[in-house]
Amino acid sequence: MVQSDEQLPRGGRWEQGMALLVIAIGVAFLLSNFDIRLPWFPFHNAWALFILFGAVPSLGAALRRYRAVGRVDGAVFHELCTAAAVITVAAMFLLDLSWSRWWPLFVIYGGLCMLAPRHSRRWQRR
């Protein structure tokens, strides 16, 4: 059975605020595509800011795990390495860094993640 509009739950102020923020970002991108520059939107590649959202789940998992065990263990370390890699990708786009110069960072991140004990990651699956 289909609910009428009156029966559907409405978003709270947080959801409405986020919706307005997404609309404003879309308008800024659209204006940028027409070469209309806004002073508060300085980056020509500001779309790369959205890559940073990919680091949020790893940072959140690291924080939850740290609060649960009270120290930086393998799971926390692994999540921080993952977040660092995502943040590095965003920074490379935002700062126009050369991939040919900075790619070894990702080899380093891979090695650091390999150092995290495997048994610590089981906690996240529960």
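As I understand it, the dipole of segment 36-109 uses +1 on the Cβ of Lys and Arg and -1 on the Cβ of Asp and Glu, about the Cα centre. Which of ALA55, PHE93, VAL72 lies farthest toward its positive end?
Of the options given, the answer is VAL72.
Can you compute the modelled spin-label distance between ALA48 and ILE87, with each label point 7 Å from Cα toward Cβ, in nm?
1.6
Simple spin-label model, 7 Å along Cα-to-Cβ: LEU97 to ASN33 in nm?
Between LEU97 and ASN33, the simple spin-label model gives 2.9 nm.
Evaluate the charge dipole of segment 44-125 about its Cα centre and quote only its size in Debye, nearest 20, assuming +1 on the Cβ of each Lys and Arg and -1 on the Cβ of each Asp and Glu.
460
Rounded to the nearest 0.05, what FRET efficiency do ILE23 and LEU63 give with R0 = 25 Å and r taken as the Cβ-Cβ distance? Could you check?
0.25
Just so you know, all these numbers are worked out from the coordinates, no wet-lab data involved. This one's a predicted model, so the numbers in the text were calculated from it and none came from an experiment. For neighbour counting, all protein chains shown are included, and Cβ atoms are generated from backbone atoms with ideal geometry for every residue, glycine included.
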